Ligand SMILES: Nc1ncnc2c1ncn2[C@@H]1O[C@H](COP(=O)(O)OP(=O)(O)OP(=O)(O)O)[C@@H](O)[C@H]1O
Ligand SMILES: [Mg+2]
C-alpha cells in the first residue's frame with residue numbers, strides 16, 4: 001500500500017469512528033491538528049492493535065492535545081499528542097540538557113519533541129515503579145504517548161485546582177509522600193508540580209511529567225523548591241491544615 005493510500009484509509013477510519021462520538025465534543029480541535037507524520041503514527045498504533053480508534057479531545061494544552069483513545073476491547077486510554085509546529089525548542093532543551101538519559105541532544109525540533117514524549121514515558125514508568133500514583137504509561141511512538149485514562153467511564157478526572165478536597169490534610173499528606181517517593185525512589189524532580197498538574201481520582205494522581213528531571217540536573221534543587229512552594233501555597237488556603245515550612249519540607253524530601 002502506498003503512503004497516500006494508507007493515510008486515506010486511516011483518515012476514513014478516524015472519520016468513521018469520529019461520527020460515533022458525540023457531536024458536541026470539540027471537533028474543531030481534532031480537525032486541522034494532525035500533520036501527515038502524526039497521522040502515520042496513529043495508523044501504526046492502530047495496526048499494532050495498541051489503539052482501535054481515537055475519540056474526542058480532553059484538553060488542548062500548551063504543548064500537547066490529549067484525546068480519548070479506545071482499544072479493541074473498548075478499554076479507554078488517554079492519548080497525548082505533542083504538537084510539533086508550536087513546540088518551544090529552547091524550553092525543552094533546558095530540561096533535556098543535563099539529563100544523563102539523553103546525552104545526545106537532537107537539533108531538529110521534531111526530534112526534540114520525540115525525545116520529549118519519550119522522556120514523559122520514561123518518567124511515568126519510573127514514578128509508577130516508585131509507587132507514585134501517575135497514569136500508567138502504555139506506549140510511546142514519536143510524538144504520541146498512550147497512557148492509562150484517569151477518570152470514570154469516559155469522563156476524565158478533575159484537576160485539584162477545580163476540585164478542592166474535602167479532606168485537604170489527607171490529600172496534602174499523600175502528595176507530600178509522592179514528592180518524597182519521586183525524589184528518593186524515582187530520583188526525579190517533577191519541575192512543574194502544582195494544583196494544575198494533579199488530577200483527583202480516588203486521591204491525587206500526578207500528571208504532566210515530561211519536564212521532570214533527574215537529580216543530576218543542574219537546576220534540580222531550584223525546581224524542587226519551586227514545586228514545594230507551589231504545593232504549600234495551594235494548601236495554605238485551607239483552615240486548620242498543618243504544613244511543614246519550605247525548609248523542613250525540602251530537608252525531608254531530599255533525605256536519603
Ligand atoms: N491520563 C489522563 N487521564 C485523563 N485525563 C488526562 C490524562 N492526562 C491528561 N489529562 C487531561 O489533559 C489535561 C492536560 O494534560 P497535561 O497537563 O499532561 O498536558 P499539557 O499539554 O501540559 O497541558 P497544560 O498546558 O494544560 O498543562 C489535564 O489537565 C487533564 O485534564
Ligand atoms: Mg499540564
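Do we find a residue being modelled with pLDDT of 95 or more, surrounded by 17 or more Cβ atoms within 10 Å (Cβ to Cβ) and touching a strand residue (DSSP E or B) at 6+ places or on another chain (Cβ under 8 Å) anywhere in segment 237-254?
Checked segment 237-254: no residue is modelled with pLDDT of 95 or more, surrounded by 17 or more Cβ atoms within 10 Å (Cβ to Cβ) and touching a strand residue (DSSP E or B) at 6+ places or on another chain (Cβ under 8 Å).
Criterion first (surrounded by fewer than 23 Cβ atoms within 10 Å (Cβ to Cβ) and closer than 29 Å to residue 57 by Cβ) does residue 161 satisfy it?
Yes, satisfied.
May I ask you to say which residue of 70, 121, 102 is away from ligand 1 (no atom under 13 Å from the Cβ) and closer than 21 Å to residue 39 by Cα?
Values: 121 fails: away from ligand 1 (no atom under 13 Å from the Cβ); 102 fails: closer than 21 Å to residue 39 by Cα.
Answer to the check: 70.
The values are calculated or read from the model by the stated rules, or taken from the named source; none is laboratory data. The structure presented is a predicted model; accordingly, all values stated were derived computationally and were not measured. Glycine also receives a Cβ, built like all others from the backbone with ideal geometry; neighbour counts cover every protein chain displayed.
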